[in-house]
Every structure is written in structure tokens, then in C-alpha cells.
1. Would you please state which residues of segment B:530-551 a label at B:LEU327 would reach in this model, taking the label point 7 Å out along Cα→Cβ and a backbone N cut-off of under 18 Å?
2. Once each part is reduced to its C-alpha centroid, what is the distance from segment B:631-675 to segment B:380-400 in angstrom?
3. Would you mind calculating the gained length between B:SER383 and B:THR428 on full extension (0.36 nm times residue separation, minus the Cα-Cα distance), in nm to one decimal?
4. In nanometres, what is the gap between the two model label sites at A:ALA22 and B:THR691, each 7 Å from Cα along Cα-to-Cβ?
5. Would you mind ranking B:THR428, B:THR267 so that the residue whose beta carbon has the fewest other beta carbons within 10 Å leads the list?
6. What percent of all Cα-Cα pairs in segment B:646-731 falls into each 10 Å bin, going from 0 up to the bin containing the maximum distance?
7. With each pseudo-label sitting 7 Å past Cα toward Cβ, what's the A:ASP147-B:ARG724 distance in nm, one decimal?
8. Sort B:VAL411, B:VAL607, B:VAL60 so that the residue with the fewest other Cβ atoms within 10 Å of its own Cβ comes first and the one with the most comes last.
Amino acid sequence: MKNEQPNPNSEWVRSLVETHAADLTRYAASILGDDDAAKDVVQDSFVRLWREPREKVEDHVRPWLFRVCRSRALDLRRKGVRMSPLTDAQAAMRPAEGRGPEEAVERRDSHAQVMDFMQQLPENQREVVRLKFQNDLSYKEIATVTDLSVTNVGFLLHTALKTLRAQVTASGE
Amino acid sequence: MNISKEDPILTAFALGEIRDPKERSEVEQVVAADPELEAEVQSIRSMSEQLSAAFHSEAVPELSEFEKASLQAVPEPKRSWVRVLISWPVVTTAAAAVLALLLIPQVGSVRFEEISELEQGQETEPVVSRYRELNVDIPTESIEGTPQPINVPGLEPAPTKAPRMLVPVQEGSAVSDRRLSGQDELELGLAESTKGKALGYVSGDEVSSSPGVVTESNLSTAAKPPRSRSFGAFADMDLTNSLAAPVPQAGERTEWNTEKYDPIDDTDFRSPLVAPLSTFSIDVDTASYANVRRFLNQGQLPPADAVRIEELVNYFSYTDAAPVESLEEGGDPFAVRMAQATAPWNDEHRLLRVALKGYEMPWEERPASNLVFLLDVSGSMDSTNKLPLVKEAMQILTDRLDQRDRVAIVVYAGASGLVLPSTTANNTETIEHALNQLNAGGSTNGGAGIKLAYKVARENFVEGGNNRVILCTDGDFNIGQTNRSELTEIASKEAEEGVSLTVLGFGMGNYKDDILEDLSNKGKGSYAYVDSRAEARKVFLEDLASNIFKIAKDVKIQVEFNPQQVQAYRLIGYENRRLKAEDFNNDKKKAGDIGPGHTVTAFYEIVPAGSEFELPGVDKLRYQQESETEVASGEVATVKLRYKTPEADKSRLIRRTAHSEDVVEFEQANDDFRFGAAVAAFGFKLRASDTIGEFSYAQIEQIATGAIAEDPGGHRSEFTDLVRKAEQFSK
């Protein structure tokens, strides 16, 4: 059994895991449709992180992790002939924790509708929408994650929101 | 500035994404001036709120403490951050090493990364498709409230992910390579899929659970003619090594639901003129007794083949003294005692009791342990007397271990997986956590599970330590390549490499005693049956050291009977432990191990020369010399033992002689002798053997009651209850 001094960065990584791992897993799962595959991807991302000098990633570690995570997940999905990803709508139907039952049902109904509309968006729009509204990344961060330009991100988001607003309005009438 | 409703800047503004203050205020002014734009911004904000809410309501995949710990794992703790950079190739190796203990798909995915950058488009199966979530229902909410610090210093290597099950890849490369490296492991995981083979199980039909199936071992005996009951041929002796075909006895050998037992054929008396040598391997198993007890407590007599008399006798602890001479003084690791008395069921006959008593090992002096629990979490284990008992038993065990010892948990069901990477035993919270997450569900793939367990054991091999896989199951191997002979071959091979197998049987209904017993024999470990908390305590507290450590291996006994004193003899029990006479001196021939404090008892029933006894006769041998050496007239038998110390390849010999003048009346024999004889008689009764004549349950009970002695665990008293029950049910 080893009794070594903890790595100076252990605490840092530990806090990163606490803060970001769940979000990353959910994000990867949205690409892969499989929680466990997603966990693998996140695992890989953190292994990657260890290889990176801290000072190089520290100030933008969240988008960095999302970026690595995304590229790994897409890589995996490209090869994942057999995988049948959960659609976003299905994912949204999965109950979230921590709500009272009645409220949850009601919310889930409206959420499901929004997610359903979201699901009909083109994939690149879906992706930025998710990064923006689920993971609270900024345009710039999304651009980093997705390799798009900030302008492009803005355009995609704008278009997506426009479509969604139209659909929500139409469904309300 | 002019902004149309179509301008993305409107969205950026609504979302607070305009970083430049000047630009922001310009847009703000324009929007404020135009109600239509104002409404548009409101609409965007409202939409974004809805989206946020919807997205945030999406379930967040729960990460267990293990998964988190694994994410935090430092690929190579000793290297400084900067050196990591410098020695990048080293780090990748280190990372690979860490990953080696991680689950196979991850290793695979790292591999993918490297491949994909070099060889785009290479056809490879997706990593994730190689495993399937095991139907083990690991509750994701279970970690709440246990924010234990998984700050890995005690774990080596870092803990892998939380309970996750992998679909086992097919056989093939799995066993052939010893000491798999990370790369090998990768191969193990990828072997099938990269070849593009379909994922799937081999049908479990190879070992069907239906009654009457011909398993390989049955087949081999079935092919042979039934064992001759005459003493006609010397070659007859060889056959005693194999299992005999069942003797049809009305009503006695019915299949009980789907439990499976190998047939046991009672040993007949033999003449020392025909078979002067009786050779067998010791057996320290106790499973049969607990199983018999289970039947009786359920109100029925056990099937005859479930009764292995030697396991009944060896279930009890006896007071035989441990060796007086220490190992350092050149003593043997166990003491050999012999005693003779008349047989309680036949005044004419005598019983020869041979008892081995291993030296007691103080718990603190035990060797370091590397234990890999292989837990069956298949659906059939989902009852109160199975998986919960397993957990409880493990808890008892791990409480007694400390930082010198390592514990890992591999589970198997429809798939198999590592739920607890090898962890030092002082990480009690970690272990407990892993245990708490186990739930039964799915069906069994014992084959893949066993391989994974052995692999983990080898990877954490402790030189000179106690390396052991502990299989907890009801033996219901019903999926996967569980050809029985293949499994036992693995167990036997691994035992030679130093990893023993202890088998703990649980539950009822589809208990596969035959496979389990066979496995533990080949795996060179003990086999116990756990049917209750009390039994779990016996196995893991009272007998723990005996069950998981060994002080001597390949212990064989050979008894030579003197025809001048002995007209006939039989060994009671040990039917499936018989060895060929020539195996005794053959050190390559494996036999049973003995643990510290173990008592192993064997009874011979002897018909003294000159008694009235019908034996299918042989003609007087014409060419055999009566005896080559001068024999003291009173010698009944010479008992020889061979054993090896745990690390040795060469056996040592112990020799003792039994003399006729030492025979006492049964009533004069000591408590251990009388109690053991009563248990043996009980075994005969349960097997509906007519070889003890009219001897009744009441007589057995009487003897046992009179020989209870101190009975520390209450086991002997319990025995008398069982005798009463058996009597009741047999009426």
C-alpha cells in the first residue's frame, strides 16, 4: 500500500469533479444516449485533464472539459453503430429528482413540450441550445466547445429560439 | 443603429451576451425605442427561461462516490505536474496503467482515441456496445448522505467506477495469458468485438438445469460399466477414483426440484489382500452438513446424494491437540492422532479414527490476504437467505481484516463486473458502500465472473500471502460458457498458480451442489454452505482462519492394512476424494489443503481377522509374498500422510501405526471419537445405507448427547436436534 503525498492538484480536480462531472455526464449522455457510455467519456476527459498543465486550462476549465467531452462523445458516436441514443425528448421525460409529485407532473408536461419542440431543431441548433440553457455556457464558451465562431453560435441560438417561440406560441393557440 | 427582428444581436442582447458595453447600451436604446423589439426581447427571454427550466429538469446522471473517486484519480501520483508534461510518454503509460484497472470499455476508449487519430475509419466496434448494464439495479440514489472522502491514498490502484457491469466477452483469450498487462486486458475486452463477432452468450444449455442431464463427468462414468462390487479385479481400485454410477434405490435418489448432486456410492468393505492400500485426499469441506440441516429444518429428509459423510463429520470442531513441536523445531504443521474402538453399530467391528489437527495460527500472525469476492447477484440470489446473507457474511469478514489485507468484489449475473477494485481492507466505508449497492437481478454467468475474479486476484497477487477467490453463489450457473469441466479446469489451473478458491454455497431450490463441490476441490479451497446468520458466523468468525488460510497443501492419506489383523475395511465417506494408490507418492498429484486449526477426521470401519464376515472372496493369491518385512504381530494398519508446506513442491511424509492392543470399547472412547462416530452413523442413516444394520436414530442421538462435551458453538447440541427431526421424518 502506498502512502504518498497527495498530488497538489488533487484537491483542484476533486472540486472540478464535484462541480462539473454531473453536467458533463448529462451532456455526453445527450450525445450518446447512454449514461454509462457518457461516464466513460467523462472519465476520459478527466484523464486528459491530468495531462494538461493546470495553468493552461484553469481559467476556462469548464468549456475545456465540455470540449474534450464533446469531441470524445462524438468520436464514440461516430463509431457507435449500435447505439440508439435517447432522444432529447425521451431524456426530458425522465423524471428529475427533488420535486413534489404534482408539481413535477405539471412541469414535466410543459417541459416535455418544450423539449419536444427542441428535438425538432437541427442538430447544430440543438447542441448550442443545450450548451447555453442547460450548461449556462456563454457564446464564447460555446464557440470554444463546438469549434464554431461566436457569431455563428449567436446565429444558431437566435434561429433556434425564433423557431421555438413560434412553435410554443402556435401550440398555445 | 438599426436592428431588425431577424438580427441575432437581439437574441444576444436578450441573453446578456453582448460583452462590449458600448454596443450593449446602443442596442438597449434601440430596443427601448421600439415596442416591437421590446416585445421580441421579452419573448426571447421568456423562451430562454422555459428552456432553462426544461433542461434543468432533465435528470442528472447520478455519479457514485466510486465514479467520482475514479474521476479524481491521479494517473501517476508521484510525478509532479511539470514532470508529467516533460515525460509525456511515461504519463500515457501511467494513465494506461491506471486504466488497466478501470473497466474494459474505458481502456477501450483510450485505445480508440489513439487509433482514431492514426487510422481514421478503421472498423471497430463501439466501446459501449461491448457491455450492457447488468440487471443489478444499482440504486443511483444510494450515495446520498455518505459523502465519504474517497481521497484515494489507501487505494491502489485508484478505485474504478462504481458498480458497473460489463457484458463479458466470450471466452477465448481470457485464461490463456497469465499476468495480463493493461494491453492484454484491452485485448481481452476487445478481442471479440474487433473481430466483428456478434455480441452474445453461448447458450447455457451446456449445463442444463433439467434433471437427468448428462454432464461431462456423469458421461464419463456412464460410459464405464458400473463399478464392480466384487473384488475380482485389481484394476477395480482405479475406478474408485471416479464417480460411480448411481445405484438405483427406490425413492432415495429422486431429483429435488432443480438442485443437483453428484451421485455418491457407498464404499464397500474390501479385503486388504485385494486392496491393501486405501488412499484419499483430505477434505475440509463442511457444506453438506449445513445443507442437510437445511433440508431437515424444512421438514424433509435430504436426498441421499446430498449427504457426504466426511463433510458431516468435519463440520464439527474436535479437541484434538495441535502439534506440540513448532514448525521452527522441524515439526509438522498438523498433528496426526489415531484411536480405535469398537463400532457402535456392530460389536464385532472396529472403528479407526484418524484425526489431523492443524496448528492454531494467532490471527495477528496470519499472512496478508488478497481476497476477491465473486458474488452471484443473479435473480436466483434474490431472497433473504442468499444475497443479504452474503453481505452480512462479508461484513463479518472484512471487519476482521485490516490494512494488510486487500478485498475486491466481482459480481456476476447476466454480465459480470468489478464492483470493488482491490482495496485495502481498512477502507471499511468503501467496502461497506460497495456491499450496500449490491442487488440481485438477472441471470448468471458464472464462467465470465470466475475469470474476471481470478484476473483481479492475479493482478493483486501477494507473494507468500493468501491469494484467494471466494465464490458466493447458489451455484445456478445458467448463462455463459459454463461447461462444468471447463470451469473446474480453470479453478485447478489457478490453484496451481497460487490462487485458491473458497466456495460458499447459499440458498436453496436450485442449489448446484455438484458443481460447487467440484469447483472447490479443483480450486483447492474449502466449501461451506451458509444457510443462516448463525452459519455465516461459524464460517466467518469461528472457522475463518481455517477456511481462508492454509498451512499445508496436497494432504493425502494412505492407509495400509495388515491382512493378518484385518479381514476387511472400509473408509467412511470421502467417496469423491479417493486417490489411486500410486498417486500418494506422486507430488504432481494435487490433493486437499488444510487450514490453521482445522480438524480433519476420517473413520475406517474394520472387520478384524477371524470374524464372521461375508466378502465376495478371491482365491488365495499365489505369487504375492505374505510380507516382505517383519511385521509386529499387533499392527493393524500403518497410516501414512503426505503434505507440502504452502510454498513447497516436495512433499513430506508422516507415518503412524495403529496397534490392535489400543482398541477400546466404544463407551471408553473419548467424546470426540464417540461424537464423530455418531455423526458418521447419522450420515449412513440419511443415505439409507443398510451397512449399519438396525442402528437407530435414537441410538445415534443417545451417543451424541453423551458426547456433547463443552460444545462452544452449540453445534453438537444442534446436531442432536437434527437427529430427532430425521427420526421423525423417516417414520
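None of the figures in this text is laboratory data; all of them are computed from the coordinates on show. Owing to the predicted nature of the structure, the values given are computational and were not obtained by experimental measurement. Neighbour counts run over all protein chains shown; Cβ positions are idealised from the backbone, glycine included.
1. Correct set: B:544-551.
2. Centre-to-centre distance over Cα atoms comes out at 39 Å.
3. Result: 13.7 nm gained on full extension.
4. Using points 7 Å along Cα→Cβ, the separation is 6.7 nm.
5. Taking fewest neighbouring Cβ atoms as first place, the list is B:THR428, B:THR267.
6. Result, from short to long distances: 15, 37, 24, 17, 6, 0 percent.
7. Here the answer is 8.1 nm between the modelled labels.
8. B:VAL60, B:VAL607, B:VAL411
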